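Report on one structure; see the data block that follows.
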Amino acid sequence: MMTNLFLAAWAAFAVPAAAAPDDATSQQIVDYALRTPTADMDPKLANAFLDLDLENLPKKKKAKAVAKKLELQTLLKISQGKKKGGLRWPTPEGCKPTIYGPGDEGALAMAGFAEIAEDEEGFLEEKTKCTELELCCEFSLTLLVTPRQKGLPTKRYFLHANDPINALLAEYRNRNAGGQTKFFGGGVFSCNH
């Protein structure tokens, strides 16, 4: 019922795609996105939410909105990747992955990301023949970089729970835990150069 009311209100405030929504409409879209489970979101409103600039939101709401936006963007990326299949022909020059920093762990966790170890990321590179950048562009690998006073910054790796490349990660973890079987239906993921 509430969704129908919101959709009716949205229709009343609808703006052309080229124009930016006003503050009241933007606020309604953000509120809708935050209270609606991702699977239940209206695709038009989800796209409107993705187009919003979230910089001027109050701090408490901004963190949740940024996480929701990251989740939607990642799910779209995973969906588009599934259409490509397991074999990828990456074009890294057209890809500029977002590098996250200290304090972004919460947003990544809210968006459905889980941290993976450096050796697991290395296994994914070896198994897929994808570089780190290609894993970021073609799959959901996300980097969190923390600067240090001396030496190189520390790098942490995160992967979204819905990314099909998790099948390879499960195979690696199973093998390291003493198992020997490959996961049935794990799929083939490879970057062709």
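One line per residue, one yes/no per condition, for (1) modelled with pLDDT of 85 or more; (2) more than 19 Å from the chain's Cα centre (by Cα); (3) assigned to a helix (DSSP H, G or I); (4) among the polar types (S, T, N, Q):
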{"residue": "A9", "(1), (2), (3), (4)": "no, yes, yes, no"}
{"residue": "P16", "(1), (2), (3), (4)": "no, yes, no, no"}
{"residue": "Q27", "(1), (2), (3), (4)": "yes, yes, yes, yes"}
{"residue": "V30", "(1), (2), (3), (4)": "yes, no, yes, no"}
{"residue": "N47", "(1), (2), (3), (4)": "yes, no, yes, yes"}
{"residue": "D53", "(1), (2), (3), (4)": "yes, no, no, no"}
{"residue": "E71", "(1), (2), (3), (4)": "yes, no, yes, no"}
{"residue": "K77", "(1), (2), (3), (4)": "yes, no, yes, no"}
{"residue": "K82", "(1), (2), (3), (4)": "no, no, yes, no"}
Only residues that are modelled with pLDDT of 85 or more and outside any loop (DSSP other than H, G, I, E, B): list them for the range 84-104, please.
I99, Y100
The lone condition L57 fails out of (1) surrounded by 13 or more Cβ atoms within 10 Å (Cβ to Cβ); (2) outside any loop (DSSP other than H, G, I, E, B) is (2)
So the check is Cβ under 8 Å with 6+ separation or different chains; which pairs have a first residue in the range 108-125 that's touching a residue at least 24 places away in the same chain (Cβ under 8 Å) and in the same structural domain as N166 (by TED's automatic domain parsing) and a second one that's assigned to a helix (DSSP H, G or I) and of a type in the set (V, I, T)?
A111/T74; G112/T74; F113/T74
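Under the condition of being part of a loop (DSSP other than H, G, I, E, B) and modelled with pLDDT of 90 or more, which residue from the range 105-130 is farthest from L168 (Cα to Cα)?
Step one: filter the range 105-130 for residues part of a loop (DSSP other than H, G, I, E, B), giving 111-112, 117, 129-130.
Within this subset, residues satisfying the condition of being modelled with pLDDT of 90 or more are 111-112, 117, 129.
Values: A111: 21, G112: 18, A117: 14, K129: 13 Å.
Here the answer is A111.
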Give the residues of the range 92-138 that are under 16 Å from E71 (Cα atoms), in contact with a Leu (Cβ under 9 Å, 6 or more places away or on another chain) and among the aliphatic types (A, V, I, L, M), sorted by residue number.
I99, A107, L108, M110, A111, A114
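Give the residues of the range 131-142 that are over 13 Å from N166 (Cα atoms), in a helix (DSSP H, G or I) and in contact with an Asp or Glu (Cβ under 9 Å, 6 or more places away or on another chain), sorted by residue number. Please lay out each step first, then the result.
Taking the range 131-142 and keeping what is over 13 Å from N166 (Cα atoms), we get 131-134, 136-138, 142.
Retained after the next criterion (residues that are in a helix (DSSP H, G or I)): 132-134, 136-138.
Answer for the range 131-142, where residues must be over 13 Å from N166 (Cα atoms), in a helix (DSSP H, G or I) and in contact with an Asp or Glu (Cβ under 9 Å, 6 or more places away or on another chain): E132, E134.
The values are calculated or read from the model by the stated rules, or taken from the named source; none is laboratory data. Given the structure is predicted, the values throughout are model-derived calculations rather than measurements. We place every Cβ from the backbone using ideal geometry, glycine too, and count neighbours over all the protein chains shown.
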